Amino acid sequence: WNPGAGTLVREMQGHKMSVRSLAYSPDGLMLASASYDDTARLWDVSSGAQIRAFSDHSNRLTSIAFSPDGAWLITGSEDSTLRMHPMSGNAPARVLTGHTAPIRSIAIGADGQSIVSASVDGTLARWDIGSGRRLSSASLAAGQLLAATGGAEAGGTIWVGGDGGATVVLSADGLERA
């Protein structure tokens with residue numbers, strides 16, 4: 001979409017159900033899409049051609065992000081897992097487990113080295129991009145977490161939006177309601 005001209009530039013075809021999340025690669029050459037058809041797809045931005053498809057989740061995809069160095073494509077799903085897909089080679093995805101209900105949101109932490117995931121089970125988790133290991137987690141009321149983002153602060157504050165207009169701030173010291 002060209003917002004200045006108000007015209008459609010390109011339509012990428014491939015998903016069979018709603019696309020729930022999009023992310024540009026750090027170099028801006030690829031677009032990743034996560035869909036309720038249980039797949040993630042990579043697209044060439046300039047041509048609109050599909051580069052690759054990932055179909056290893058067992059339920060709808062809800063979120064997608066690239067690692068800052070472009071080495072990983074991270075997906076979150078209603079199957080309660082995150083998958084870290086290597087962007088080079090054919091190695092299988094790393095599977096990150098720990099949530100017990102659908103993941104609603106993922107984001108890259110402010111440090112650029114961690115992934116933040118928010119789940120319907122009421123947990124917020126931070127994962128190490130290098131190892132895939134769970135670094136920390138916090139619990140809120142089940143069903144409350146809808147979206148998370150890593151803050152720009154050097155300390156890596158995480159802002160979380162939830163049901164009923166709640167905003168929660170997670171820092172190294174614990175939870176605070178904003």
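Laboratory data are not the source of any read-out in this text; all were calculated from the coordinates shown. Keep in mind that what you see is a predicted model, and the values were worked out from it rather than measured.
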Exercise. Taking amide H positions as placed 1.01 Å from N in the peptide plane, with prolines and chain starts having none, which residues 5 or more places from Asp38, or on another chain, fall under 5 Å of its amide H?
Worked result: Leu61
Problem set entry | Cα gyration tensor shape for region 74-115, rounded if a/c is under 1.5, else prolate or oblate | oblate
Exercise. Ordered by residue, what ³J(HN,Hα) values in Hz, to whole numbers, does region 64-74 give under the Karplus form 6.51 cos²θ - 1.76 cosθ + 1.60, where θ = phi - 60° and Gly and Pro are x?
Worked result: 8, 7, 9, 5, x, 8, x, 6, 10, 10, 10
